[in-house]
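Visitor: This is the structure, below, for whatever I ask next.
The values are calculated or read from the model by the stated rules, or taken from the named source; none is laboratory data. From a predicted model like this one, the values you see are computed outputs, not experimental measurements. All Cβ positions, even for glycine, are placed from backbone atoms using ideal geometry, and neighbour counts span all protein chains on display. Note: areas computed on protein heavy atoms with side chains; ligands, DNA, RNA excluded. Shrake-Rupley method; radii C 1.70, N 1.55, O 1.52, S 1.80 Å.
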Amino acid sequence: MNIIQSTLRNNIVSVFSRAGFNIRRKRFTLSYCRQKLIEILNIASVIDVGANIGQYASSLREEGYQGNIISFEPLTNAFIQLQENAKNDPLWECQNLALGNRIDDTVEINVAANSVSSSFLNTSPILKKQESLTQVTEKQCVSMVTLDSLAEELKVKSRPTLLKIDSQGMEKPILEGALTLLPDIVGIELELALLAVYDNQDTIVDLLTYLKELEFEMVHIEPAFFAKPIPCVLEANGIFLRKDVLHRIYDL
């Protein structure tokens with residue numbers, strides 16, 4: 001990079017920085033890490049837990065992923081939109097189910113005004129202050145299953161699989177319901193709370209410890225939700241690889 005290019009780049013970065021945007025090289029983003037993981041490990045299936053209307057699955061397609069996607073979403077209205085978004089994609093399957101550490105046909109979930117913050121847990125004061133649309137507008141009774149109960153259907157033994165969980169505080173219970181499945185899961189993408197934004201939520205420290213016990217190591221993390229007025233990170237997204245897979249990649 002010559003002096004003119006360097007000066008131009010620095011000026012552009014400065015302008016966007018003053019406007020509140022952070023420009024980074026693509027190779028440092030979580031999205032890029034995920035793309036390389038999918039490519040190098042030949043990921044053929046993605047389990048999308050907490051799909052909402054299909055934002056994550058849609059981003060996978062935009063990034064070039066062409067394999068199977070199985071999306072789980074418990075909310076009625078969100079699931080209708082999810083099905084609509086997936087209807088022209090024969091490799092994208094949708095199921096109107098919640099995931100957890102038990103099987104139960106009648107579990108009550110708090111439906112938030114913004115839909116994406118809906119949770120089986122109650123919202124903590126810090127989240128209510130940060131985002132007004134997290135207020136509960138109704139409660140729905142939904143069906144809950146475990147990932148282990150769907151093991152035959154998910155076929156993780158026969159194809160390299162990435163598990164994504166974005167479940168508003170239910171990350172550990174979902175993992176607890178997948179203990180038989182996890183030894184065959186290549187990687188996990190997980191939402192991590194630095195501060196509990198839901199009552200009785202397991203935070204990043206709890207989940208790092210638990211995943212280490214399950215033989216998964218974190219390989220990437222990216223801030224996802226900031227508090228105001230001081231921009232403290234409340235939530236981040238992390239990618240974990242199974243320990244033996246990580247050792248194989250880096251020849252450890």
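Visitor: Translational diffusion coefficient, Stokes-Einstein: compute it for segment 45-113 using the Kirkwood radius over C-alpha pairs as Rh, at 25 °C and 0.890 mPa s, and state it as an integer in µm² s⁻¹.
Guide: It diffuses with D of about 195 µm²/s by this estimate.
Visitor: I'd like to check one number: the per residue accessible area of the chain, probe 1.4 Å, reported in Å² as a whole number.
Guide: I get 53 Å² per residue for this part.
Visitor: Here is a follow-up. Mean 1/r over all different Cα pairs, inverted: what Kirkwood radius does segment 108-152 give, in Å?
Guide: 11.7 Å
Visitor: Using every Cα-Cα pair within the chain, state what percent have a distance larger than 31 Å.
Guide: For the chain, the share of Cα pairs beyond 31 Å comes to 26 percent.
Visitor: Using the Karplus curve 6.51 cos²θ - 1.76 cosθ + 1.60 with θ = phi - 60°, what ³J(HN,Hα) values do you get for each residue of segment 184-201, in whole Hz, with x for Gly and Pro?
Guide: Per residue, the Karplus-derived 3J(HN,Hα) values read 9, 8, 6, x, 10, 10, 9, 7, 10, 9, 6, 10, 5, 9, 10, 4, 6, 7 Hz.
Visitor: With the cut-off at 1.5 for a/c, could you classify segment 16-157 from its C-alpha gyration tensor as rounded, prolate or oblate?
Guide: oblate
Visitor: Continuing with the same structure: Apply the a/c threshold of 1.5 to the C-alpha gyration tensor of segment 113-252 and tell me whether it is rounded, prolate or oblate.
Guide: Numbers: a/c = 2.60, a/b = 1.45, b/c = 1.79.
Judged from the Cα gyration tensor, segment 113-252 comes out oblate (a/c at least 1.5, b/c at or above a/b).
Visitor: Ordered by packing density, taken as the mean number of other Cβ atoms within 10 Å over each peptide's residues, highest first, how do 141-150, 188-197 rank? Write down the numbers at each step before the final one.
Guide: Details: 141-150: 18.8, 188-197: 21.4.
Put in order of decreasing packing, that is 188-197, 141-150.
Visitor: Principal axes first, then extents: for the Cα atoms of segment 168-239, list largest minus smallest coordinate on each axis, whole Å, largest first.
Guide: 43, 26, 16
Visitor: Here's a follow-up. Distance check, please: which entries in LYS128/LYS155; LYS36/LYS228; LYS87/LYS243; LYS87/LYS129; LYS139/LYS164 exceed 28 angstrom between their Cα atoms?
Guide: LYS128/LYS155; LYS36/LYS228; LYS87/LYS243; LYS87/LYS129
Visitor: Let me ask you something else. Determine the sum of side-chain charges near VAL205: Lys and Arg each +1, Asp and Glu each -1, restricted to other residues whose C-beta is under 15 angstrom from that of VAL205.
Guide: Charge balance in the 15 Å sphere: -4.
Visitor: What is the calculated FRET efficiency for SER31 to LYS155, with r their C-beta to C-beta distance and R₀ = 25 Å, to the nearest 0.05?
Guide: E between SER31 and LYS155, to the nearest 0.05, is 0.45.
Visitor: Can you tally the net charge around GLY177? Count Lys and Arg as +1, Asp and Glu as -1, for every other residue whose Cβ sits under 9 Å from the Cβ of GLY177.
Guide: On the way: positive: ARG102; negative: ASP148, GLU176.
Taking every other residue near GLY177 into account, the sum is -1.
Visitor: Please find the FRET efficiency linking ILE40 to LYS139, where r is the Cβ-Cβ separation and R0 is fixed at 35 Å, and quote it to the nearest 0.05. Before the final figure, lay out each step's value.
Guide: Numbers: r = 43 Å, r/R0 = 1.23.
Here the calculated transfer efficiency is 0.20.
Visitor: What longest region of the chain stays clear of trypsin sites (Lys or Arg not before Pro) that DSSP places outside H, G, I, E and B and that have at most 12 other Cβ atoms within 10 Å?
Guide: With a cap of 12 other Cβ atoms within 10 Å, the longest stretch comes to 158-252.
Visitor: Name the aspartates and glutamates eligible as straight-distance cross-link partners of LYS157: C-alpha to C-alpha under 13 Å, and not fewer than 8 places from it in the same chain.
Guide: ASP148, ASP184
Visitor: With all protein chains present, how much of the accessible area of the chain (probe radius 1.4 Å) comes from carbon and sulfur, to the nearest whole percent?
Guide: 53 percent
Visitor: Explain nothing, just the number: relative contact order of the chain, from Cα pairs under 8 Å at least 6 residues apart, as a whole percent.
Guide: Once normalised by length, the contact order is 16 percent.
Visitor: Something else about it: Return, ordered by residue number, the residues of segment 49-68 whose backbone nitrogen is under 19 Å from a label point located 7 Å along Cα→Cβ of GLU222.
Guide: Residues 49-67 qualify, since their backbone N sits under 19 Å from the label point.
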